[in-house]
Amino acid sequence: MLGIETSCDETAAAVVAGDRRILSDIVLSQIEEHRPYQGVVPEIAARSHLDHIDRLIAQALKDARCGWEDLNGIAATAGPGLIGGVLVGLTTAKAIALVRGLPLVAVNHLEGHALTARLTDGIDFPYLLLLVSGGHCQLLAVEGVGLYRRYGGTVDDAVGEAFDKTAALLRLDYPGGPAVEAAALHGDPKRFTLPRPMAGRPGCDFSFSGLKTAVRHAVAALPGGEADPESAADLAAAFQAAVADVLADRAIHAIARFREEFPAGDRFVVAGGVAANTRIREVLAGAVAAQGMQFVAPPATLCTDNAAMIAWAGLERLRLGLTDSLEFAARPRWPLDELPAQPGDAP
Ligand code: KG4
Ligand code: ZN
């Protein structure tokens with residue numbers, strides 16, 4: 001299966017085999033093109049995907065040592081994401097599917113993240129999933145392909161977004177997540193006291209805007225109203241610790257509900273770009289183990305956006321006969337609980 005990912009600022013192509021072998025996995029980051037703007041510019045992203053996608057697909061096939069005739073399908077991200085970019089990848093996939101007579105699978109990007117642990121660790125359904133990325137922060141029970149039960153989500157910012165905004169406040173590098181993590185390594189998490197929004201409250205919802213505002217106030221209170229490198233490191237460490245605590249608290253609530261609904265389920269999976277954060281993985285692993293559940297986190301490179309996860313979601317769907325027509329329309333907004341799970345379900 002060939003996978004294509006173009007929903008944000010990474011152009012990616014990968015070939016994955018049905019026995020979970022990743023035969024090739026190429027990710028081209030557009031970070032340098034967006035850096036002057038400190039954020040992803042949709043028009044620049046779409047043009048850049050268009051400039052590189054053909055070459056990347058050819059390279060992915062070459063790396064996998066396979067030709068078109070060796071493929072059993074084409075999977076492309078069809079949403080959610082920046083529509084210009086999604087259209088580039090999906091239209092390319094449709095053209096290949098038409099010319100080569102291959103089935104098309106229109107993949108929900110979030111389902112790509114959600115099923116990655118089955119590619120990397122071969123785990124069975126059901127499992128509890130914490131999906132933490134640039135645009136999303138959700139806890140879900142994953143019952144099967146296309147079968148998601150949402151336990152909670154953010155009421156304001158996504159967690160990756162909070163990392164990115166905090167990095168900007170601290171004048172750290174772009175993109176923010178890895179920059180905050182790097183700065184936090186030298187920081188004292190105890191110098192500043194930041195809130196733990198939602199912690200201790202019933203349910204599984206998150207809120208991060210108050211945490212970001214607390215960082216803003218802390219920066220404003222520093223001499224000159226700006227963070228010197230030492231203060232930036234201390235605030236980065238305090239912010240990361242607060243996020244980790246909140247995620248662990250919410251995860252514990254979700255585990256209680258998951259146990260009631262799925263007594264046989266014993267795995268907790270973390271996925272999405274923020275799951276690449278080592279400290280967050282450590283704190284979550286400890287909290288999950290203390291609840292007697294098994295913690296599963298894919299390697300960091302498969303937590304951030306990639307096409308291997310899209311190819312894998314394509315394989316899972318193809319196996320169930322869940323292919324899509326060439327008329328499938330890209331969806332800028334596409335919640336996980338609106339996915340087709342049976343052949344013939346409306347997309
Ligand atoms: O899943 P992803 O690559 O793209 C989306 O689907 O959104 O997630 C990107 C997000 C960004 O907000 C980025 O800052 C964050 O994940 N991220 C991290 C780390 N690496 C990426 N956040 C915290 N620590 C990291 N090491
Ligand atoms: Zn993503």
_Suppose we filter Arg267, Arg279 for residues that are surrounded by 16 or more Cβ atoms within 10 Å (Cβ to Cβ), touching a residue at least 60 places away in the same chain (Cβ under 8 Å) and closer than 19 Å to Gly152 by Cβ; which single one remains?_
Arg267
*Restricting region 3-31 to residues that are open to solvent by 60 Å² or more (accessible area, probe 1.4 Å) and β-branched (Val, Ile, Thr), the residue that is nearest to ligand 2 (Cβ to nearest atom)*: Val27
_Which residue is farthest from ligand 2 (Cβ to nearest atom), if the candidates are limited to region 266-308 and must be in a loop (DSSP other than H, G, I, E, B) and farther than 24 Å from Val107 by Cβ?_
Gly292
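Here's a check for you: in region 32-50, which residue that is under 20 Å from the mean Cα position of the chain (by Cα) and within 11 Å of Thr11 (Cα to Cα) is surrounded by the most Cβ atoms within 10 Å (Cβ to Cβ)?
Of the residues in region 32-50, the ones under 20 Å from the mean Cα position of the chain (by Cα) are 34, 38-42, 45-46, 49.
Pick out the ones that are also within 11 Å of Thr11 (Cα to Cα) and you get 45-46, 49.
On the way: Ala45: 24, Ala46: 18, His49: 29.
Selected residue: His49.
Can you report the number of residues in region 150-178 which are among the small types (Gly, Ala, Ser) and within 8 Å of ligand 1 (Cβ to nearest atom)?
Pass one, region 150-178, residues among the small types (Gly, Ala, Ser): 152-153, 158, 160, 162, 167-168, 176-177.
In the following step, the residues that additionally are within 8 Å of ligand 1 (Cβ to nearest atom) were identified as 158, 160, 167, 176-177.
Total satisfying the criteria: 5.
Any residue at all in region 238-261 that is at pLDDT 95 or above, within 16 Å of ligand 2 (Cβ to nearest atom), buried (at least 23 other Cβ atoms within 10 Å of the Cβ) and within 26 Å of Pro178 (Cα to Cα)?
As a first pass, look at region 238-261 and keep what is at pLDDT 95 or above: 238-261.
Next, only the ones that are within 16 Å of ligand 2 (Cβ to nearest atom) stay: none.
No, region 238-261 contains no residue that is at pLDDT 95 or above, within 16 Å of ligand 2 (Cβ to nearest atom), buried (at least 23 other Cβ atoms within 10 Å of the Cβ) and within 26 Å of Pro178 (Cα to Cα).
Filter region 292-347 for residues that are surrounded by fewer than 17 Cβ atoms within 10 Å (Cβ to Cβ) and within 26 Å of Thr154 (Cβ to Cβ) and give the result. Lay out the reasoning, then the answer.
Going residue by residue through region 292-347, those that are surrounded by fewer than 17 Cβ atoms within 10 Å (Cβ to Cβ) are 292, 294, 299-301, 319-321, 325-327, 329, 332-333, 335, 337-338, 341-347.
Scanning region 292-347 gives Gln294, Pro299, Ala300, Thr301, Pro332, Arg333, Pro335, Asp337, Glu338, Ala341, Pro347.
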*Looking only at region 140-153, decide whether some residue is among the aromatic types (Phe, Trp, Tyr) and within 16 Å of ligand 2 (Cβ to nearest atom).*
yes
*Specify the residue that is most open to solvent (accessible area, probe 1.4 Å); the eligible residues are those in region 214-237 that are free of Cβ contacts under 8 Å to residues at least 40 places away in the same chain and part of a loop (DSSP other than H, G, I, E, B).*
Ala221
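Take Glu111 and decide whether it is open to solvent by less than 20 Å² (accessible area, probe 1.4 Å), within 13 Å of ligand 1 (Cβ to nearest atom) and of a type in the set (D, E, K, R).
Numbers: open to solvent by less than 20 Å² (accessible area, probe 1.4 Å): yes; within 13 Å of ligand 1 (Cβ to nearest atom): yes; of a type in the set (D, E, K, R): yes.
For Glu111, the condition - open to solvent by less than 20 Å² (accessible area, probe 1.4 Å), within 13 Å of ligand 1 (Cβ to nearest atom) and of a type in the set (D, E, K, R) - is met.
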*Within region 114-131, how many residues are within 14 Å of ligand 2 (Cβ to nearest atom) and either of a type in the set (S, T, N, Q) or open to solvent by 10 Å² or more (accessible area, probe 1.4 Å) (or both)?*
1
*asked:* So, in region 51-89, exactly how many residues are open to solvent by less than 50 Å² (accessible area, probe 1.4 Å) and within 16 Å of ligand 2 (Cβ to nearest atom)?
replied: 10
*Does region 139-159 contain at least one residue that is in contact (Cβ under 8 Å) with a residue 40 or more places away in the chain, within 24 Å of the chain's Cα centre (by Cα) and farther than 30 Å from Trp334 by Cβ?*
no
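If I filter region 155-169 down to residues being open to solvent by less than 10 Å² (accessible area, probe 1.4 Å) and in a helix (DSSP H, G or I), which single residue comes out as nearest to Gln138 (Cα to Cα)? If you could, list the steps in order and put the result at the bottom.
Restricting attention to region 155-169, the residues satisfying the condition of being open to solvent by less than 10 Å² (accessible area, probe 1.4 Å) are 158-160, 162-163, 166-167.
If we keep only those that are in a helix (DSSP H, G or I) as well, we get 159-160, 162-163, 166-167.
Working: Val159: 10, Gly160: 12, Ala162: 14, Phe163: 16, Thr166: 20, Ala167: 22 Å.
Filtering region 155-169 for residues that are open to solvent by less than 10 Å² (accessible area, probe 1.4 Å) and in a helix (DSSP H, G or I), the one nearest to Gln138 (Cα to Cα) comes out as Val159.
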*Among the candidates Leu211, Leu172, which residue alone is surrounded by 20 or more Cβ atoms within 10 Å (Cβ to Cβ) and in a loop (DSSP other than H, G, I, E, B)?*
Leu172
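The values are calculated or read from the model by the stated rules, or taken from the named source; none is laboratory data. These numbers come from a predicted model, not from an experiment. Backbone-built Cβ (ideal geometry, glycine too); neighbour counts: all protein chains shown. For the accessible areas, the whole protein counts, side chains as well, though only heavy atoms, and no ligand, DNA or RNA atoms are used. Shrake-Rupley method; radii C 1.70, N 1.55, O 1.52, S 1.80 Å.
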